[in-house]
Each structure stands twice: as structure tokens, then as C-alpha cells.
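The numbers here are math on the coordinates, done by the rules we state, and not lab data. What you see is a predicted model; the values in this text were computed from it and never measured. For neighbour counting, all protein chains shown are included, and Cβ atoms are generated from backbone atoms with ideal geometry for every residue, glycine included.
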Amino acid sequence: MAIIRPVREFCNNYNELTGFAHETNQSIHITNNGGGDIVLMSELAFEQLPNKAYTDYKLFESELRGGPLTYASESLKMMRDKVVMQIEQSQD
């Protein structure tokens, strides 16, 4: 759910808003005169954007291909197993 705050709150409560952005890792949309103006987010959230975009793209690509649906926990286990296998192979 989008968090929307007016620019005056950004000016008056900067520390509170940045603290909230860091704690929740969510973006905060700042409005000016009732319209969208800027987006405030933590540096960590900003750095994660490319990874999230890639993941979203891959999910969409899978849906287009009609791929089988799997639970996230199963997908994470398969990815973890692949990473462990690659690490073990590189140590040999």
C-alpha cells in the first residue's frame, strides 16, 4: 500500500519520515499541491530495485510461458541447493 505524505510533512518531520522509510523498507510518496512530486526511500530499498525488477520480470516471463506454479519456499530451496552445489564445486 502506498504511503503518501504532503511536502510540508516532509519539511517538518524529515527525521520521522526517513526513520520510517528505513524501518519499513517502503517508499514514501511526497506530494506537492495535491500532485505527485518525489519518492523518498532508504538507500537499501533503492539498491534492491534492480533485483526486484528482475524477479518480477522472471515471474511474468514464467506466467507467459504457462510454467507450473510453485510455492516460494520450494523455489527458494531449489535456488539455495544450486548455490550450495556451486560453492561445493568451486572448493574442489
* Structure fact -> Exposure-ranked with fewest Cβ neighbours within 10 Å first, SER42, SER27, SER75 stand as SER75, SER27, SER42
* To do: Treat every Asp and Glu Cβ in the chain as -1 and every Lys and Arg Cβ as +1, leave all other atoms uncharged, and give the resulting dipole magnitude about the Cα centre to the nearest 20 debye.
  => 200
* Which whole number in µm²/s is D for segment 49-91 by Stokes-Einstein, with the Kirkwood Rh taken over Cα pairs at 20 °C and 1.002 mPa s? -> 179
* **Charge dipole of the chain about the Cα centre (unit charges at C-beta), most positive-ward option of ILE87, LEU59, PHE46** => LEU59
* **5 angstrom amide H check on VAL39, placed H, neighbours 5+ away** => ILE30
* Asked: Can you list residues whose amide H is under 5 Å from GLN26's amide H, if they're 5+ apart or on another chain and H is modeled 1.01 Å from N?
  -> none
* Structure fact -> Among the DSSP H helices of the chain, those whose Cα atoms extend at least 27 Å along the helix axis and whose mean Kyte-Doolittle hydropathy is -1.0 or higher are 43-65, 72-91
* Asked: Out of every Cα-Cα pair in the chain, what percent are more than 24 Å apart?
  -> 48
* Ordered by packing density, taken as the mean number of other Cβ atoms within 10 Å over each peptide's residues, highest first, how do 48-60, 12-24 rank? -> 12-24, 48-60
